[in-house]
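Beneath this line is the structure, given in structure tokens, with notes to follow.
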Amino acid sequence: MNYILIIFVICLKISLLSSKRVKDDEVVKWVREQGYKSEAYKVETKDGYILKLHRIAPKYNQGCKIPVFLKHSAFSNSFYYVNVPNISIAFYFADRGYEVFMGNSRGSKYSTHHKKYDTESTDYWKFSYHEIGMYDLPAMIDYSLKLSKSDKIFYIGHSQATTEVLTLLALKPEYNKKIIQSHLLGTIGAYTDPPRIPKMLAATYPLIKDIAIHLPYVNFGPGNRVAAMANKVLCTENFPLALCHLSHYLLLGGDPNSIFMPNISPAVYRSIVPTFSRRSGVQQLLHYVQTTNSKRFRPFDYGPKDNLKMYGAVEPPDYPLENISSAIYLYVGDYDRVFSKKDTDLLAPQLPNVHYMLINGYNHIDYLFAQNAPERIYKVMHRAFEKANQEYQNEIIQKCRK
């Protein structure tokens, strides 16, 4: 009788997980074309957003390992991590026996649904990195752990995904036991040293905030038609390659002595720009503008009256970074023009368990798309992962056998 009950429970769990699977999309199909097993799952957050989670199975069985969770930047999605196969960080770890999950946050291409609102609604876009950290990441992390039958996971985040996980670990300290290592590429806390355009927005914030807060979104992302067309035209063989290199140098940064010999080829730029979204929620942008003006890493400032309701104070409190006990690995490009070394250097001393790595010659997207990224970045992560797998080996094996 007990055996029948056990079998019933196992079948019920499998059925519940399978019911969350969704129809194959372009990411799943692309990953399979590259020779990997992949699925997509539906994940619902506590505040009603319907997200998509992609999974890549280990290509080779190398024993039980802690899974890896990849999180994209603002304006992006999980296709970002697989669309250039020879330097894909997702494929790199799948090739080394890791189960890889790729999360898609609210408002991104594969996560556009909500139980009540559609994407034309102002209410849908009332979020910033704070809500992604507080709701999206826990939902996707927990579901990834359930699928992998693990109680620990490695986190890799780029750009805004670094801010999101810091928010989560600071405000929900219990996740420090689940996310045992966070590897952060192009990290930002308080945005005190932005490039010229965000700096101009920060200067005009008092004039635009009352109007902007009522707009749901703007077509301001790097995937907007103008940016996509410019990239398509400049980064082709019909134009001098110098124009392609120069345009990306001005936007993303780079070594001024090597402007025309960058780490990323024009072909890679042509591949990655179409994956970006053209839309961005206004509140998301305003939150960064606020941190530039306040020079503080803290939740969204709704104004004194609403702040009292939200936070019990007229100003938002700083994020309690002292709560972050898990290991944080900061990868810092010395020529990152988007999230500067200066801001990362301000953040690092506030993190109790921090590992700092300066990457000479890297700009904001070199971490993932430079030809030498597997050697300079992924290999470092892999060593840290393998060390943790050895440390928790007995526990991992027991979990695998269940």
Run the simple label-point estimate for Tyr311 and Lys20 please: 7 Å along Cα→C-beta, distance reported in nm.
3.3
Hey, can you rank 132-144, 56-68 by average C-beta count inside 10 Å, highest first?
132-144, 56-68
Highest-first arrangement of 85-96, 36-47, where packing means the average Cβ count within 10 Å
85-96, 36-47
For 158-166, 75-83, ranked highest to lowest by mean beta-carbon neighbours within 10 Å, the order is 158-166, 75-83
Considering amide H positions built from the backbone, and no H for Pro or chain starts, which residues 5 or more places from Leu51, or on another chain, come under 5 Å of its amide H?
Val43, Glu44, Thr45
Tell me, what is the FRET efficiency for Gln34 and Asp318 to the nearest 0.05, using R0 = 25 angstrom and their Cβ-Cβ distance as r?
0.05
Net charge of neighbours whose Cβ lies under 9 Å from the Cβ of Leu145, counting Lys and Arg as +1 and Asp and Glu as -1:
+2
For a Förster distance of 41 Å, can you work out the FRET efficiency between the beta-carbons of His382 and Asp47, rounded to the nearest 0.05?
0.70
Express in whole angstrom the spacing between the alpha-carbon centres of region 334-402 and region 165-194.
12
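Readers should treat all values here as calculations from the given coordinates under stated rules, not as data from a laboratory. In this text, all values refer to a predicted model and were calculated from it rather than measured experimentally. With ideal geometry, Cβ positions are generated from the backbone for all residues, glycine too; neighbour counts draw on all protein chains shown.
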